[in-house]
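To start, the structure under review is shown below, and the notes come after it.
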Amino acid sequence: MWWKILLVIVGVIVAALVAAVVGAAVWGKGRSAEAVSAFEDAPPYTFPEGFLWGTATADHQIENSQNDDWTAFERAVLANKRFDSIAPGTARPGHIRNLGAYPENVVQRKTDFDGRMESDLDLARDMNANAFRFSISWARLFPTPEQTEPDPEGIAYYRRLFDALKQRRLEPVVTLFHFASPAWLWAAEGGKRGLERDDALEHFERYVRAVAESFGGDATIWCTINEPMVYAYLGHLDGVFPPNERRGDPSEVEGLLVRLLEAHALAYRVLKEDARRRGGDAKVGLTHHVRSFEPLRSWAPLDRVTARMVEEAFVWDLADAVHTGVLEVATTPIHRTIPGLKGTQDYVGINYYGRYYTRSNALAPTKFAILQRDPDAEEQVNDLGWASYPRGFYETLAEAERRYDLPIYVLESGTADQADDDVDRQLYIVDHVREMWRAIHHAEADVRGYFHWSLTDNFEWAEGFEGRFGLVAIDYQHDLRRTPRPSAKLFGEIAAANGLSEPLAKRCTSAR
Ligand code: BGC
């Protein structure tokens with residue numbers, strides 16, 4: 001008798017294991033051994049006519065400090081000397097890495113784009129770019145909560161920027177909310193702060209209407225919100241961005257995610273109405289931070305399933321929500337229908353940086369780890385410890401096409417590298433441009449533009465000034481002197497050729 005019971009138990013265990021392995025094979029993500037796609041096509045890799053080649057940046061990372069939440073955070077960090085990090089690329093909550101090593105007027109002025117706007121944009125034009133992505137500072141237009149009209153100096157500043165872009169034939173791509181918000185928004189109202197306040201949308205609408213009224217005729221491509229998931233995660237769960245909260249449970253950011261999507265839908269309506277009134281055109285969307293999530297151990301079913309779930313939750317669920325009007329976040333109970341959201345994107349914005357790995361624990365499946373690199377693999381890793389994964393760029397673009405069938409703009413992609421030879425950045429650019437070309441030609445991805453992050457080195461949030469993403473280097477110790485890196489020249493050649501010419505593709509890929 002006992003052996004029959006034993007047989008049943010063994011049978012159940014084997015069936016469960018088989019189910020797990022088959023399930024992981026079907027739903028889980030695999031891990032690719034190769035960092036780049038196998039290339040069957042010979043160069044040149046030429047892009048569609050009218051393709052936008054630009055660089056991207058954001059207000060708080062380059063402009064003189066405004067009265068926003070990040071400025072308040074930086075002041076507190078300086079006052080309390082909180083300059084640590086766990087490791088490059090892994091910030092310590094409440095700290096900004098090595099901020100104390102930089103002169104205070106640098107912290108205050110960042111890259112001083114305010115003072116060097118013209119010459120910086122000359123650098124962009126000299127790279128043969130035809131577009132430029134930047135963001136408007138909400139705090140600069142509305143430094144106080146009582147205002148019903150935007151600050152005239154703030155408007156004059158962005159007028160100067162729009163005019164400078166026009167003179168250089170750089171098409172503006174304008175972001176409305178790129179992580180920083182006015183400091184006053186953080187005063188508690190009815191026990192809530194920031195975008196979670198009951199009156200937040202009212203204030204946001206006033207800001208968006210002011211932008212539309214002043215600059216609606218100056219731009220066609222608008223990005224409402226930059227990386228909503230990163231904003232929610234880093235500020236409210238991980239604690240490394242203001243408001244430096246660690247809420248513990250992802251379901252506690254449901255209200256914030258809904259609010260961000262409502263703000264997006266509101267901005268979409270305002271900008272579309274404005275364009276209609278002017279008899280013009282507005283392409284409005286938002287952009288998502290994308291990583292390819294793959295299992296650290298391809299053989300481990302739970303790593304594979306976790307990779308799939310995390311990628312859904314972190315990357316696609318928000319983009320899906322804008323498509324369907326329903327926000328559902330994998331691995332959480334979050335499920336909400338958001339009126340007015342469905343279909344409010346004319347394009348899909350992708351910010352792509354590389355690969356993350358998932359490592360799970362069979363005894364505690366909800367306590368998985370996310371690794372920026374595989375410690376046992378030889379892979380291209382940048383100054384922040386991020387693994388480069390060009391092949392994932394192809395897959396991301398193909399997936400975005402498959403899911404939404406909309407135009408795609410790559411609104412950011414780049415790497416942190418301050419080595420003098422600049423070889424890693426050059427390889428990064430060539431590899432990613434090739435993968436993007438492949439996505440257009442083999443996956444029919446309707447990619448319309450690529451914006452390299454970033455024009456110059458800049459303030460890399462909790463990494464302080466340490467993550468150097470610029471095609472142009474900045475010497476923070478010597479009057480913010482600008483020096484184009486070799487990759488600036490390379491980018492210029494790509495933009496001029498509208499793609500990768502044969503010699504260019506060969507020169508760079510053979511340097512690997
Ligand atoms: C953000 C940028 C940031 C870049 C590099 C993106 O997540 O939009 O503001 O500087 O990544 O980390």
Residues in the stretch 210-248 that are under 14 Å from GLY349 (Cβ atoms), polar (S, T, N, Q) and more than 13 Å from the ligand (Cβ to nearest atom) total 1
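Scanning the stretch 274-289 for residues that are more than 16 Å from the ligand (Cβ to nearest atom) and part of a strand (DSSP E or B), which turns out surrounded by the fewest Cβ atoms within 10 Å (Cβ to Cβ)?
LYS283
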Selected residue (criterion: surrounded by the fewest Cβ atoms within 10 Å (Cβ to Cβ)) from residues of the stretch 69-92 that are touching a strand residue (DSSP E or B) at 6+ places or on another chain (Cβ under 6 Å) and outside any loop (DSSP other than H, G, I, E, B): SER85
Condition broken by VAL305, with the remaining ones in (1) of a type in the set (A, V, I, L, M, F, W, C); (2) more than 16 Å from the ligand (Cβ to nearest atom); (3) surrounded by fewer than 20 Cβ atoms within 10 Å (Cβ to Cβ) satisfied: (3)
Return the only residue of SER298, SER292 being hydroxyl-bearing (Ser, Thr, Tyr), more than 24 Å from the chain's Cα centre (by Cα) and buried (at least 16 other Cβ atoms within 10 Å of the Cβ). SER298
Single unsatisfied condition, ILE96 versus (1) modelled with pLDDT of 95 or more; (2) away from the ligand (no atom under 16 Å from the Cβ); (3) not small (Gly, Ala, Ser): (2)
Within the stretch 394-403, is even one residue over 22 Å from ARG31 (Cβ atoms), away from the ligand (no atom under 16 Å from the Cβ) and acidic (Asp, Glu)? yes
For the stretch 52-68, how many residues meet the condition of being more than 10 Å from the ligand (Cβ to nearest atom), outside any helix (DSSP H, G or I) and either acidic (Asp, Glu) or in contact with a helix residue (DSSP H, G or I) (Cβ under 9 Å, 6 or more places away or on another chain) (or both)? 9
Selection from the stretch 326-354 of residues that are out of contact with any Ser or Thr (no Cβ under 6 Å at 6 or more places or on another chain) and small (Gly, Ala, Ser): ALA330, GLY340, GLY343
With the requirement that a residue be within 16 Å of the ligand (Cβ to nearest atom), out of contact with any helix residue (DSSP H, G or I) (no Cβ under 7 Å at 6 or more places or on another chain) and among the charged types (D, E, K, R), what does the stretch 347-382 give you? ARG373
Go through the stretch 391-435 residue by residue and tally those that are touching a Pro at 6+ places or on another chain (Cβ under 7 Å) and either closer than 15 Å to GLY449 by Cβ or among the small types (Gly, Ala, Ser) (or both). 1
Looking at THR396, THR415, which is the one that is under 18 Å from the mean Cα position of the chain (by Cα), at pLDDT 95 or above, over 25 Å from ALA473 (Cα atoms) and among the polar types (S, T, N, Q)? THR396
Inside the stretch 151-190, the number of residues satisfying the requirement of being part of a helix (DSSP H, G or I) and touching a Ser or Thr at 6+ places or on another chain (Cβ under 6 Å) is 1
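To keep it simple, each residue is scored yes or no on (1) under 24 Å from TYR207 (Cβ atoms); (2) charged (D, E, K, R).
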position	(1), (2)
GLY100	no, no
VAL107	no, no
ASP112	no, yes
ASP120	no, yes
TRP138	yes, no
GLN147	yes, no
ARG160	yes, yes
ALA164	yes, no
SER181	yes, no
Among the residues of the stretch 321-334, is any within 21 Å of VAL447 (Cβ to Cβ), buried (at least 18 other Cβ atoms within 10 Å of the Cβ) and either touching a residue at least 12 places away in the same chain (Cβ under 8 Å) or in contact with a Leu (Cβ under 9 Å, 6 or more places away or on another chain) (or both)? yes
Please go through the stretch 93-126 and pick out each residue that is surrounded by 14 or more Cβ atoms within 10 Å (Cβ to Cβ), part of a loop (DSSP other than H, G, I, E, B) and out of contact with any His (no Cβ under 9 Å at 6 or more places or on another chain). PRO93, GLY94, HIS95, ILE96, ARG97, ASN98, TYR102, THR111, ASP112
Selection from the stretch 62-91 of residues that are closer than 30 Å to VAL381 by Cβ and under 20 Å from the mean Cα position of the chain (by Cα): ILE62, TRP70, PRO88, GLY89, THR90, ALA91
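The values are calculated or read from the model by the stated rules, or taken from the named source; none is laboratory data. Not measured: the values here are computed from a predicted model. When we count neighbours, we look across all protein chains shown, and the Cβ atoms used for this are built from the backbone with ideal geometry, even at glycine.
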